[in-house]
Amino acid sequence: MKSHIILLSFIILSSSLFAGGPLSTYMGRAVIWNKNTIAYHLDCGPLGVFDSVSARNIAKQSFQVWQDVPTATIAFSENTLSVNVDQSNYSTYLDNYSDGINPIIFDSDGSIIQDLFGTKFGILGFAVVVDYDGDGYYDEGESVINGYVSSSFTKTEWVATFVHEYGHFIGLDHTQINGHYEADPSKTIYIPTMYPSATANDEPLASLNPDDVAAVSALYPTAGYSTTVGSINGSIVYADGSPARGVNVIAIKTSDTMMYKISTVSDYFWHNTGLFTILGLEPGTYYVRIEPINKEFIGGSSVGPFASDTDDISFQNPVAPEYYNGANESHNSFTDMPEDRIDVFVSANSTTSNINLKTNGNQFTSILQYNTNLFYVFDLPSEYGDTRYAVRFTPTISTKIKAIGFYIYEKPATNLTKDTLIISMHENVLGSLGGVPSNIALATKKTTYETLKINQYNNVDFSNLNISVTKNLDFHIVFSTKAKSGNTLSFVTDDGSTAPTNRSSSFFNNTWLNFVDANNYEVGYNLAVRVYLDTAGVIINEVETYPDLPISFSLYQNYPNPFNPATTITYEIPNNRYISLKIFDVLGREIKVLKDGVENAGRHKILFDGSNLTSGVYFCILNTGDIRITKRMLLLK
């Protein structure tokens with residue numbers, strides 16, 4: 001599978017859907033199969049490049065993945081249809097919800113998918129489960145797998161597709177956990193199997209993640225399972241007090257923040273309350289995070305009960321991403337910074353209640369003044385007598401400053417925590433390597449050492465100072481302290497691997513000097529600092545804005561892929577930078593230049609039209625000079 005090929009799910013039942021759990025609810029409970037063992041019938045035909053025996057073995061292996069979950073009781077029995085189901089006879093087996101067959105159909109050439117959806121591109125398969133008599137239990141299910149593009153994927157990737165569809169077959173919905181990793185082949189291991197679309201590397205999705213396991217175990221729990229896990233519940237409200245419905249809610253285990261994440265969607269019982277409950281949590285401490293549902297996940301690929309189309313409830317007033325912050329929860333993102341969080345404790349056989357979030361109402365984006373990997377620290381004041389550090393910024397919009405964020409590695413011992421850190425904004429003047437701060441501060445904020453947080457961003461609210469910045473007009477943020485060497489703060493910097501125009505500087509011997517590596521000309525360091533800019537009412541030219549700009553260069557898999565004739569290419573740039581984005585054929589010949597010049601920081605999308613090209617494999621290459629990212633694209637006409 002390749003990114004944004006869609007994995008569809010459907011349910012014939014007037015009820016709700018929610019992520020990281022069941023497809024539907026009925027009178028306050030999840031709809032499940034009311035059978036100890038589900039009997040299914042496999043198609044006896046081939047699946048694209050797979051002969052009938054191989055196709056059936058993949059299907060059996062995929063059902064077994066769910067049956068092997070030790071905390072779930074779901075089980076299956078295998079049967080085989082007597083015919084090869086194809087375009088000529090599929091109507092006999094599909095949508096016949098009273099024959100007890102539960103057919104698993106191999107659409108070898110994609111003709112069934114073509115009949116049903118008007119295209120055989122971009123859809124790997126679908127599954128349907130049916131509550132035929134309306135009693136809140138599934139009576140029958142069916143699944144169709146599209147073999148038209150079977151040669152484009154490995155066997156393990158096909159297992160991932162089958163496991164996903166059979167997750168729907170047993171009553172599981174989609175989840176969008178870790179979707180930001182879908183374009184990174186090394187990190188798709190952290191994406192659950194029930195993610196709605198394909199990724200850059202789907203082989204890891206052939207195995208279940210904690211969210212998948214918790215979901216199936218909640219539907220079909222073994223005896224005693226509930227006594228070994230806990231849950232978290234609470235509510236989400238907007239600034240006007242109204243409930244936030246259709247919000248993705250994630251519990252993130254603090255000891256394993258990459259893999260162990262369990263999700264749900266608020267208000268899945270349609271009570272108009274904004275309530276949520278996250279089930280199946282191992283005992284331990286968690287962060288709770290809310291985020292909007294991805295607008296690409298609608299219809300048959302929806303996440304949650306309110307994402308049937310882009311006008312549905314999940315998208316009418318989408319929340320800004322943020323963490324639960326305990327008593328500091330508020331609707332102001334500068335007194336309740338989105339990244340601020342507290343531990344939520346979960347015990348076995350109990351529920352941690354009243355984890356109530358107030359959605360942030362502020363609109364902002366940020367300029368990150370560092371590159372890729374955080375690597376080094378600079379003490380303030382330093383052992384050499386540096387008393388101030390400055391970071392130069394170049395805004396891409398004309399607006400007001402809302403806050404300043406800076407990352408502290410360590411702070412003085414508790415008996416030395418009374419010194420004041422001064423954060424000030426200055427105009428830029430010509431000086432060392434392009435600019436230095438003016439001597440006059442335009443705005444100043446102070447904080448004490450004892451209030452600072454370690455190993456995370458400290459955000460200082462500047463919004464009440466009404467400070468404006470102008471697009472492409474540089475300014476500086478300066479950090480200073482009157483403390484003495486030894487009573488120091490350690491500011492984190494990047495790894496100095498690239499050389500953008502805005503370098504951090506230090507004030508030494510009454511002179512501003514850039515942080516430059518003497519062993520590597522023009523390679524210096526940037527303090528991990530960001531400036532939050534107000535985006536309310538500001539249009540940023542075709543660049544999507546987020547609470548945080550990208551932290552690294554990314555080239556996403558084109559969507560759709562395979563494509564005919566057009567496809568969308570998405571890429572992310574963490575800072576203003578020269579890039580080239582080009583299309584090549586398999587012989588290395590340049591086919592199309594999509595971008596060649598300076599690109600603004602943010603997420604960008606370009607439509608590539610292959611109408612004048614022949615079917616085949618093409619390569620999209622993003623080149624920044626020192627970083628090169630390649631994606632394989634398949635044009636099928």
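The values are calculated or read from the model by the stated rules, or taken from the named source; none is laboratory data. Just so you know, these numbers come straight off a predicted model, no measurement behind them. Counting neighbours? That spans all protein chains shown, and the Cβs are built from the backbone with ideal geometry, glycine included. Note: accessible area is taken over every heavy atom of the protein model, side chains too, but ligands, DNA and RNA are not part of it. Shrake-Rupley method; radii C 1.70, N 1.55, O 1.52, S 1.80 Å.
When residues in the range 293-323 are screened for being closer than 24 Å to T535 by Cβ and touching a strand residue (DSSP E or B) at 6+ places or on another chain (Cβ under 7 Å), 5 of them pass. If you check L607 against the conditions, is it under 22 Å from A200 (Cβ atoms) and open to solvent by less than 50 Å² (accessible area, probe 1.4 Å)? Criteria not met by L607. Has the range 347-356 got at least one residue that is open to solvent by 20 Å² or more (accessible area, probe 1.4 Å) and at pLDDT below 85? No.
Here is a yes/no grid of residues against (1) in a strand (DSSP E or B); (2) within 28 Å of G28 (Cα to Cα); (3) not charged (D, E, K, R):
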site: W270; (1), (2), (3): no, yes, yes
site: I278; (1), (2), (3): yes, yes, yes
site: Y287; (1), (2), (3): yes, yes, yes
site: G300; (1), (2), (3): no, yes, yes
site: A307; (1), (2), (3): no, yes, yes
site: A320; (1), (2), (3): no, no, yes
site: D340; (1), (2), (3): no, no, no
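Only a single criterion out of (1) at pLDDT 80 or above; (2) touching a Lys or Arg at 6+ places or on another chain (Cβ under 7 Å); (3) over 30 Å from R503 (Cβ atoms); (4) crowded, with 21+ Cβ neighbours inside 10 Å is not satisfied by L533, namely (3).
Every residue, every condition in (1) modelled with pLDDT of 90 or more; (2) part of a strand (DSSP E or B), yes or no:
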site: I367; (1), (2): no, yes
site: Y370; (1), (2): no, no
site: G385; (1), (2): no, no
site: A390; (1), (2): yes, yes
site: A403; (1), (2): no, yes
site: Y407; (1), (2): no, yes
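Among the residues making up the range 544-570, a single one is modelled with pLDDT under 80, surrounded by fewer than 19 Cβ atoms within 10 Å (Cβ to Cβ) and touching a His at 6+ places or on another chain (Cβ under 9 Å): E544.
Counting only residues that are among the β-branched types (V, I, T) and more than 32 Å from the chain's Cα centre (by Cα), the range 471-497 holds 3 of them. Residues in the range 252-308 that are in contact (Cβ under 8 Å) with a residue 60 or more places away in the chain, of a type in the set (A, V, I, L, M, F, W, C), under 18 Å from N233 (Cα atoms) and open to solvent by 30 Å² or more (accessible area, probe 1.4 Å): F269, W270, L279.
Tell me yes or no: at least one residue of the range 601-608 is within 26 Å of Y370 (Cα to Cα), modelled with pLDDT under 80 and not charged (D, E, K, R). Yes - at least one qualifying residue is present in the range 601-608. For the range 122-138, what are the residues that are of a type in the set (F, W, Y) and open to solvent by 50 Å² or more (accessible area, probe 1.4 Å)? Y132, Y137, listed by residue number. Checked against (1) touching a Ser or Thr at 6+ places or on another chain (Cβ under 8 Å); (2) of a type in the set (S, T, N, Q); (3) surrounded by fewer than 18 Cβ atoms within 10 Å (Cβ to Cβ), Q176 passes all but condition (3). Here the range 610-630 is the region considered, the condition is being more than 24 Å from the chain's Cα centre (by Cα) and crowded, with 20+ Cβ neighbours inside 10 Å, and the residue that is nearest to T567 (Cα to Cα) is G610.
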